[in-house]
Each structure stands twice: as structure tokens, then as C-alpha cells.
Amino acid sequence: MTNKQIRKWLPLVVAALLLLAIGGFVAYIGIGFRYSGGMGSMAEAQRLRPVVEGMPRPTATARDSKTEALGIVYPNGEWVVGVAKDSHALYSRLTGGGTVVLKDSRGRVRCFFGHVCGSGNIGYASNVDSLDAFDAHLAQQFTEQTWP
């Protein structure tokens, strides 16, 4: 191939590769949104259970959106710690979005399915002042699952 031919075809090849890259990215995002809106997964809950069981008692109320972990300490000393998987994340229907696994100061490790708005976020939980009130709010927003 001569330099003249290369100069003729190079812009077309670059344009075609650029269009393929852009098209691939758009397809990835489009398909990802199609599979967002997760409402819970028992497979993900079973994967998270040992992780949550190994979490230490929280020392303060905090949320880590990177690990999707949360910890809440109530004024009476009761606490809850766990993981809440974002329902809005790309591909969340395929990755367990909407799955919540919690351990509390009463020794319970429980699993819930529902709509989680943001990684590690069951935000209303910090607006109540006890584990009983937390449980009441949780029951309104999520469905508790029985471990297999």
C-alpha cells in the first residue's frame, strides 16, 4: 500500500473505529439501564451473608457508598450494620440490586428485598431512635426473606 492510499483510507478507518467505539459505549449504557431497577436477589443475599456476619459493631452512624455498607447506632445503644445494594446501578437486576442484608445488636442476621435508592442507603433508618422503630420502617419499605 502506498502512502497516497494510506492517506486516503486512514481517515475512513479512524472514523469507522470511532463510530464502533461510540456505538459500543451507547449499547453498554442502554443495555445497562434496561437491566437496572433490581428488587433483590437470594443469590446475592447468600453471598453477602458471611460478609455481614463478619462486620463489627458500628461505633457511629455511617454509610459507605463505595462498599454499599451502612452502620447505624441508636441513642439507646442498639445498632444495625449491613449492606444495601443500589437498585439504580447499571445492571442491578443482574448484580443483586435491591438486596439488603443486616445484622443487629439482637444477634439477628436478616435479608430484605426492595427498592434501594443509592448504595448503602436505607436513609430513613437514621431518622428513627430505636431498633424497634427501624424494624417498623423497614417492614413498610422492604419484604423480609426467609433464608434457605
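Throughout, read-outs are computed from the coordinates displayed, never taken from laboratory work. For clarity, every value in this text was computed on a predicted model and none was experimentally measured. Because the Cβ atoms are built from the backbone with ideal geometry, glycine has one as well, and the counts that use them run over all protein chains shown.
Things to note:
- Taking amide H as placed 1.01 Å from N in the peptide plane, the amide H of Ala89 sits under 5 Å from that of Gly37, each at least 5 places away or on another chain.
- Loop sites here are trypsin sites (Lys or Arg not before Pro) outside DSSP states H, G, I, E and B with no more than 11 other Cβ atoms within 10 Å. The longest part of the chain free of them is 1-65.
- Whole-Hz couplings from phi, Karplus 6.51/-1.76/1.60, listed for the range 73-88; x for Gly and Pro: 10, 8, x, 7, x, 5, 8, 9, 9, x, 10, 10, 8, 4, 7, 8
- This ranking places Cys111, Cys117 by how few other beta-carbon atoms lie within 10 Å of each, fewest first, which gives Cys117, Cys111.
- Where N is the number of residues in the chain, Cα Rg divided by 2.2 N^0.38 Å: 1.52
- Glu144, Glu53, Glu78, Glu44 arranged by Cβ crowding within 10 Å, fewest neighbours leading: Glu53, Glu144, Glu78, Glu44
- DSSP H segments from the chain that extend 27 Å or more along their own axis, Cα-based, with Kyte-Doolittle mean of 0.5 or above: 3-34
- Kirkwood Rh and Cα Rg combined as Rg/Rh, the range 87-138: 1.00
- Around the amide H of Thr61, modelled in the peptide plane, lie the amide H atoms of Val73, all under 5 Å away and 5 or more residues distant in sequence or on another chain.
- The chain, relative contact order [Cα under 8 Å, separation at least 6], %: 23 percent
- Put simply, the amide H of Ser105, placed in the peptide plane, has neighbours under 5 Å in Trp79, leaving out anything fewer than 5 places away on its chain.
- Packing-based exposure ordering (other Cβ within 10 Å, fewest first) of Asp129, Asp86: Asp129, Asp86
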